[in-house]
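Below you'll find the structure, written out as structure tokens, and then a few comments.
The values are calculated or read from the model by the stated rules, or taken from the named source; none is laboratory data. Computed from a predicted structure; not experimentally measured. All Cβ positions, even for glycine, are placed from backbone atoms using ideal geometry, and neighbour counts span all protein chains on display. What goes into the accessible areas is simple: the full protein's heavy atoms, side chains included, and nothing from ligands, DNA or RNA. Shrake-Rupley method; radii C 1.70, N 1.55, O 1.52, S 1.80 Å.
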Amino acid sequence: MHWPSLPRWKTPSLLNRSAPYFSGIQRFGLNKFSHYWQDPFHTLLNLPWPRFIFIFFFTYVIEFLVFALIFYAMSDKCIIGMDGKFAHALWMSSRTASTLGFDQIHPNPECIFTNLTIMLQVIASSLVNFIMLGLVFARFSAPFKRATTIRFSSVMVCNRHPSGNWCLSLRVANIRKHQILKPCVRMVLTAVDSITPSNYLFEHLTIDGLAAQASAGWPKQLRGIRDSPLLLMRLRVV
């Protein structure tokens, strides 16, 4: 006799794994723009590359234009060779910021305000260079994209560990050719509370099968041991 199958209740997922990195988490009730301005370093660090490159060039262009306007407001006696042209003032600003040296367009040492403006631009350009180059280095060294080269098995096996505890077994592989020295793997088991379904239970599992000094150059089998009878009981109820 064929019994009709009952509809299976699907446990809600904490993350949308089909979405890109960290974008599967939904945040609401927060003013995200204020958080972006309060932490500009991490905002620029996590921007997409096209937006970051635009902000990178836009910052330098704004710096050159601001000081070019200051030089343009000065008289031709203080900026020799400017001849009242904004293009010459912009050239003066770019040469000062890049410390390439002056040619026919150069400042007059007798003008104190001009000398102070040049000193200020040199300091400001150095600060901008340090910030921008630091951001570029941080973006290249960030491990965000590295997560896309690590592959986990899509199926886990639940079996008995030689110690007598239940364990979850899975495989981890590095799709790149070079090795990963001293890898650190953590496993967190989540389950829906059978009493309050809106709550989640978390447990950090003990990793077996990966030594502290191991190198991940080939697929490895990892086993997360569950030694919490309370969590196991709740899993059986679910």
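Miscellaneous remarks
- Considering the range 171-185, the residues that are farther than 20 Å from Ser154 by Cα and part of a strand (DSSP E or B) include one that is most open to solvent (accessible area, probe 1.4 Å), namely Leu181.
- Residue within the range 138-145 that is surrounded by 10 or more Cβ atoms within 10 Å (Cβ to Cβ), modelled with pLDDT of 80 or more and touching a Cys at 6+ places or on another chain (Cβ under 8 Å) present: no
- Some residue of the range 105-127 being among the β-branched types (Val, Ile, Thr), more than 26 Å from Pro40 (Cβ to Cβ) and modelled with pLDDT under 90: yes
- Only listed residue being of a type in the set (Phe, Trp, Tyr) and under 28 Å from Pro48 (Cβ atoms), chosen from Phe113, Phe130: Phe130
- Within the range 96-123, being in a helix (DSSP H, G or I) and open to solvent by less than 30 Å² (accessible area, probe 1.4 Å) holds for Thr96, Ala97, Thr114, Thr117, Ile118, Gln121.
- Qualifying residue in the range 94-112 (condition: over 30 Å from Pro183 (Cα atoms), free of Cβ contacts under 8 Å to residues at least 60 places away in the same chain and under 30 Å from the mean Cα position of the chain (by Cα)): yes
Every residue, every condition in (1) at pLDDT 80 or above; (2) of a type in the set (A, V, I, L, M, F, W, C); (3) on the phi > 0 side of the Ramachandran plot, yes or no:
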position	(1), (2), (3)
Ser153	yes, no, no
Ala173	no, yes, no
Lys177	no, no, no
Cys184	no, yes, no
Leu189	no, yes, no
Asp193	no, no, no
Pro197	no, no, no
